[in-house]
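Scroll down for the structure; my scribbles are underneath it.
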Amino acid sequence: MHQLSCNVAFKEWAVTIRAFDRGDQILLLRKGGIHEDGRDFRVLHPEFLMYPTFEHQKPELLKEEYHEELSRVVSEAGGNGAITFGHWARVEEAIELSDQAAVDSLEPYHIWTSDYAQKRLHWKPQHPLAILLVRLYRLEEPHTLPFSQSFAGCKSWVQLPEPIRLGEVAPVMSDGDFRTRVQEVKAALKS
């Protein structure tokens with residue numbers, strides 16, 4: 001079904017990964033980070049570990065019902081210079097959007113404010129906004145690595161110094177529930 005180990009990670013806000021873990025969200029928005037190769041985003045790896053980040057998470061960028069979760073995430077952050085990987089993911093589909101109305105139609109399907117999503121769309125307007133429909137799996141055992149300077153910076157993809165064994169992964173959502181959510185997102189984009 002999947003690979004046995006993985007040495008690539010995708011950086012995403014820890015609060016967003018929590019929303020994925022609860023089944024509240026199946027999509028990611030990406031335009032590209034300041035340190036991305038070519039400064040635009042590409043799906044370089046369809047399967048990856050989720051790298052929880054703590055930079056740039058702010059309550060004003062999240063819908064109000066996720067402010068308390070953000071406070072919990074921040075208070076639980078170790079600060080010990082280690083990264084704990086607890087999830088593996090697979091991109092089921094990547095959709096490029098350049099239309100404001102299409103991005104607005106996704107508002108019920110993510111934890112961010114409409115303003116944040118719009119700013120992602122309008123940043124670097126020559127590039128489309130990538131919408132990734134992602135299936136998330138919990139690792140059998142979380143794996144912790146010490147932080148490395150090679151992980152730093154505004155970039156989506158991180159090459160890990162060693163592969164992490166995945167063990168038996170468990171989807172956070174049933175196949176049927178995931179398919180239903182994908183259909184809902186696609187229907188919203190067509191309306």
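The numbers here are math on the coordinates, done by the rules we state, and not lab data. Because the structure is predicted, anything quoted here is derived from the model rather than measured. Virtual Cβ from ideal backbone geometry, glycine too; neighbours counted across all protein chains shown.
Assign one of three labels to the chain, namely rounded, prolate or oblate, based on the Cα gyration tensor with a ≥ b ≥ c the square roots of its eigenvalues; rounded applies when a/c is under 1.5, prolate when it is not and a/b is larger than b/c, and oblate otherwise.
Details: a/c = 1.40, a/b = 1.27, b/c = 1.10.
Here the chain falls in the rounded category.
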Which GluC sites (Glu not before Pro) in region 59-90 pass both tests, a DSSP loop state and at most 14 other beta-carbon atoms within 10 Å?
none
Which aspartates and glutamates does residue 63 reach when only Cα atoms under 18 Å apart count, and residues fewer than 8 places away in its own chain are ignored?
12, 21, 24, 55, 104, 107, 115
Using the 10 angstrom Cβ neighbour count as an exposure proxy, how do 56, 67, 110 rank, fewest first?
56, 67, 110
Selection of chymotrypsin sites (Phe, Trp or Tyr not before Pro), region 72-165, meeting DSSP coil and at most 16 other Cβ within 10 Å:
123, 147
Rounded to the nearest 500 deg cm²/dmol, what is the calculated helix-only ellipticity per residue at 222 nm for the chain, with -39500 (n - 2.57) per DSSP H run of length n ≥ 4?
-7500 deg cm²/dmol
Taking a crude spin-label model, label points 7 Å out from Cα along the C-beta direction, the residue 141 to residue 72 distance in nm is 2.6
